[in-house]
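Here the structure comes first, spelled out in structure tokens, and everything after it is commentary.
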Amino acid sequence: MTGVRAWVNRLRRRAWRWVFFRMVFGERSGGALLAGTRISPSTCIEHEERLVLEDDVFIGHFNFIEASAGVRIGRGSQITNYVSIVSHSTHRAVRAAAALSGNDSPASDGAVVRQPIEIGQRCFIGPHSTIEAGTVLGHGTLVASHSRVRGRFPDFAVLAGSPATVVGDTREPDRAWLAAHPQLRDGYEAWLRSVAAEAKP
């Protein structure tokens, strides 16, 4: 009997994974087809019409994206698992304003924060992190797991902590990694040149 239960449990897990966790290439954003983008069905997206994605984005399992004020995620970025990206905040409103959360009545003016979020190209957001309203992450940013991120950060920043601060530059470990994998250097350096060209006024 135990062998039958084990077989049934294994079958149930496989069926559940196939329906609810299978990552499939192909999404749409702003009317454009994104052939290389994958989003887990277990990710909850509120105000999806205000979420703008470039291609080759990966958004893993059990994430929450609230895009009412606008969220933009750059090409090649990865959002791992259990990440919250929230473009509005009511933490002051619950104490200082009479309005209920999400209510845009005059009583909530100044208490509810609504600001867009921008995540640059080839960023990596570690598990259990929160990206708060108004945050801008430069290209190539790495957010360590369990970080709470608010503010504007430069390209190639390594961010960690709650609140997150810059603790490094992703290009430093990349140098050693590329020395061990020289076949990837040309593509990496071409991308660095495109980032530098974009930064010029």
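The values are calculated or read from the model by the stated rules, or taken from the named source; none is laboratory data. Worth saying up front: this structure is predicted, and the values here are computed from it rather than measured. Glycine also receives a Cβ, built like all others from the backbone with ideal geometry; neighbour counts cover every protein chain displayed. These accessible areas exclude ligands, DNA and RNA; they are computed on the full protein's heavy atoms, side chains included. Shrake-Rupley method; radii C 1.70, N 1.55, O 1.52, S 1.80 Å.
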Original post:
Contour minus end-to-end for Phe20 and Met1, with contour as 0.36 nm per residue of separation and end-to-end as the Cα-Cα distance?
Top reply: 4.0 nm
Original post:
Between Arg12 and His61, what FRET efficiency follows from the Cβ-Cβ distance if R0 is 22 Å, with the result rounded to 0.05?
Top reply: 0.80
Subject >> Order of exposure, largest accessible area first, which applies to Met23, Met1 with probe 1.4 Å >> reply: Met1, Met23
Original post:
Counting only heavy atoms of protein chains, what accessible area per residue, in Å², does the chain have with a probe of 1.4 Å?
Top reply: 59 Å²
Subject >> Gyration tensor over alpha-carbon atoms, the range 1-64, equivalent ellipsoid semi-axes in Å >> reply: 33, 12, 7
**OP:** Mind running the shape call on the range 110-171? Use the C-alpha gyration tensor, a ≥ b ≥ c as the square roots of the eigenvalues: rounded below 1.5 for a/c, prolate if a/b tops b/c, oblate otherwise.
**Re:** prolate
**OP:** Leaving ligands, DNA and RNA out of it, report the carbon-plus-sulfur percent of the accessible area of the chain at a 1.4 Å probe.
**Re:** 56 percent
Original post:
How are the C-alpha pair distances of the chain spread across 5 Å bins, as whole percents from the shortest bin up?
Top reply: 1, 7, 12, 17, 16, 14, 12, 8, 5, 4, 2, 1, 0, 0, 0
Original post:
How large is the dipole of the chain about the Cα centre if only Lys and Arg carry +1 and Asp and Glu carry -1, each at its Cβ, rounded to the nearest 20 debye?
Top reply: 880 debye
